[in-house]
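This report concerns only the one structure given below.
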Amino acid sequence: MSNPSILILPGDGIGPEVMAEVRKVIDWYGAKRDLAFDVSEDLVGGAAYDKHGVPLADETMAKAQEVDAVLLGAVGGPKYDVLDFSVKPERGLLRLRKEMDLFANLRPAQCFDALADFSSLKKEVVAGLDIMIVRELTSGVYFGEPRGIFEEGNERVGINTQRYTESEIERAARAAFELAMKRNKKLCSMEKANVMESGILWREVVTRVGEEYPEVELSHMYADNGAMQLVRAPKQFDVIVTDNLFGDILSDCAAMLTGSLGMLPSASLGAPMANGRPKAMYEPVHGSAPDIAGQGKANPIACILSFAMALRYSFDQGDEATRLETAIEKVLADGVRTADLMGPEGGTPVSTSEMGDKIIEALDASL
Ligand code: IPM
Ligand code: MG
């Protein structure tokens, strides 16, 4: 049987340098755990625009459809701000999500013990935090029609449409209930059923799917209250399910609770392929950070943790994912710090690639 395949799309800014550290980890699994992957690499975002005039070439899109998992770095940068909307780096990312039909976006927000002081909230509010946001990723106001800027009388009007079908809500809800079953059997659904019809339908459908999961304690919350509760008492949540736009905003809020955006991975999952693996793309939650690109300052952990999610969700290697996560915790507990993690208590400052090396050392020590 051939090795499982991975397409790496490093993208822009710090994407290439953090992805170089992921490559070390992938190679380690091939060499030390007999888990070899066929890895190929291609362009996305501004890097693809520079070469092809589009943020994602058709050939790259076709490759992404074929592999077992896509690992993406980050896209965008000030250089591309002037581009037409249709070819902005972000369009490459949105095309991947839409055409691969990656409807369930899993965004864990986990507070590492060694970093609890980094949160802008009090330590006791966030210590031990471990929540998972499931964001619907292929529909809603991001993609709904009509959309555009139109002439209306003597002025222009900008239009976007929030649109959800029952089946779109249902599949996102099901993904969230399945996760809840594997975690603490607690799910909170967030929408604005008080002002939006799409929210009323969302609540109805989530409730209906919930009847298939009687063990899961389901609650509903208006998304604005949800934002408030996330900051007030985040540990009341375990799994949260919400739509595309609310999920975009709430996941940034949840990410920042942990104090370190450089630590958070994500998985975007679609329907199972012929080989039983879900269509999948993994990427760090952080952006391309053009201000620090190329200086060895970036934290590669979010991107490496995204590979851990790939081990767990695409390759059925939950134990190896845990090994990698534990290695990272160990490195942090030892006080190894990239620039973004350097707090008043100090630590051993390391570059992007030195952090990768430390993680490899911890993996070696785990054997
Ligand atoms: C995210 C990002 C994207 C989004 C952008 C880059 C298009 O903010 O993944 O959360 O809005 O979905
Ligand atoms: Mg976002």
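The values are calculated or read from the model by the stated rules, or taken from the named source; none is laboratory data. All of these numbers come straight from a predicted model, not from anything done at the bench. Positions of Cβ are generated from backbone atoms using ideal geometry, with glycine treated the same way; all protein chains shown enter the neighbour counts. Heads up: the accessible areas ignore ligands, DNA and RNA and are worked out on the full protein's heavy atoms, side chains in. Shrake-Rupley method; radii C 1.70, N 1.55, O 1.52, S 1.80 Å.
Computed values, structure above
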read-out	value
Spatial separation of Cα centroids for the range 129-146 and the range 150-216, in angstrom	9
Net lengthening on full extension, Arg208/Glu178 (0.36 nm per residue, minus Cα-Cα)	9.4 nm
Net dipole in debye of the chain [+1 Lys, Arg Cβ; -1 Asp, Glu Cβ; about Cα centre; nearest 20]	380
Förster radius 30 Å - calculated FRET efficiency between Thr322 and Glu90, Cβ distance, rounded to 0.05	0.35
Exposure of Ser119 as accessible area (Å², to 10), given a probe of 1.4 Å and all protein chains	10
DSSP-defined beta bridges in the chain - what % are antiparallel, rounded to 5	45
Extreme residue, positive dipole direction of the chain, given options Ala233, Val25, Ala280 (C-beta unit charges)	Ala233
Gap separating the Cα centres of the range 305-324 and the range 61-117, nearest whole Å	19
Rounded to the nearest 20 debye, dipole of the range 179-270 from Cβ charges on Lys, Arg, Asp, Glu	340
The range 1-159 shape via C-alpha gyration tensor axes, a/c threshold 1.5	oblate
Tensor-based shape of the range 227-328 (alpha-carbon gyration tensor, a/c under 1.5 rounded, otherwise prolate or oblate)	oblate
Average Cα contact separation per residue, the chain, under 8 Å, 6 or more apart, as relative contact order %	21
Interchain or long-range residues, amide H under 5 Å from Val70's placed H	Leu7, Ala280, Met281, Tyr282
Unit charges on C-beta of K, R, D, E only; dipole of the range 246-367, Debye	260
Accessible area per residue in Å² at 1.4 Å probe, computed on the range 120-268	47
Solvent-accessible ranking of Met342, Met100, largest area first, probe 1.4 Å	Met342, Met100
Under-5 Å amide H pairs with Gly144, H placed in peptide plane, nonlocal only	Thr161, Arg163
Above-threshold pairs, the threshold being 26 Å between Cα atoms, out of Lys24/Lys297; Lys51/Lys98; Lys88/Lys279; Lys186/Lys330	Lys186/Lys330
Length added when fully stretched, Met342-Val231, from 0.36 nm per residue minus Cα-Cα	37.6 nm
Computed accessible area, Ile200, all protein chains, 1.4 angstrom probe, square angstrom	80
FRET E, pair Gln295, Asp27, Förster distance 25 Å, beta-carbon r, rounded to 0.05	0.55
Asp130, Asp316, Asp12, reordered so the largest accessible area comes first (probe 1.4 Å)	Asp316, Asp130, Asp12
Where labels lie 7 Å past Cα in the beta-carbon direction, separation of Val157 and Glu99 in nm	3.3
Solvent exposure, largest accessible area first (probe 1.4 Å, DNA, RNA and ligands not counted), of Lys358, Lys279	Lys358, Lys279
Inter-label distance for Cys253 and Asn194, nm, one decimal - labels placed 7 Å from Cα along Cα-to-Cβ	1.3
